[in-house]
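Below is one structure, written out as structure tokens, with a few remarks after it.
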Amino acid sequence: QVQLVESGGGLVQAGGSLRLSCAASGRTFSSYNMGWFRQAPGKEREFVAAIRWSGDSTYYANSVKGRFTISRDNAKTTVYLQMNNLKPEDTAVYFCAAGSVFPVGLERHYDYWGQGTQVTVSS
């Protein structure tokens, strides 16, 4: 069992930066792949980034590649999403998730989800 709580969202201007955090509690955190998804009102939830349980592989949606960086600190049982050069199109509720199967970009492959944190980027 894993519990996830996101934080770090807020309102920023285009070109600004935010760092999202996802604090996890429960057993065997280091055994899970961790992913970030986002969803805007009326839109489908979309994959943003993921990091493998071992931390040796990361994955990004094309829309955020080069701007976002996912990382994890297993000692702190926390996963981060550093978001730079934010654009209005990045506005969404961001969710972190823990999963155990591949591929990491599929929502159904994640077993646990946080409540989400709002990110709003103004132009």
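Taken together, the values in this text are just the output of simple stated rules run on the coordinates, not laboratory data. Fair warning: this is a prediction, and the values are worked out from it, not measured in the lab. Neighbour counts run over all protein chains shown; Cβ positions are idealised from the backbone, glycine included.
So here's what we get for this one:
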quantity	calculated
Residue of Tyr112, Tyr94, Tyr80 that the Gaussian network model of the chain assigns the largest fluctuation, springs spanning Cα pairs under 10 Å	Tyr112
Loop-resident sites, segment 1-96, for GluC sites (Glu not before Pro), counting at most 10 other Cβ within 10 Å (DSSP)	Glu44
Top of Thr58, Thr28, Thr77 by mean-square fluctuation, Gaussian network on the chain, Cα under 10 Å	Thr28
Span from the segment 15-83 Cα centroid across to the segment 90-123 one, whole angstrom	7 Å
Thr91 long-range amide H proximity, modeled H, under 5 Å	Val121
GNM top mover of Ala24, Ala92, Ala14 - the chain, alpha-carbon springs below 10 Å	Ala14
Along the chain, longest interval not containing exposed trypsin sites (Lys or Arg not before Pro), exposed being DSSP loop plus at most 12 other Cβ atoms within 10 Å	77-123
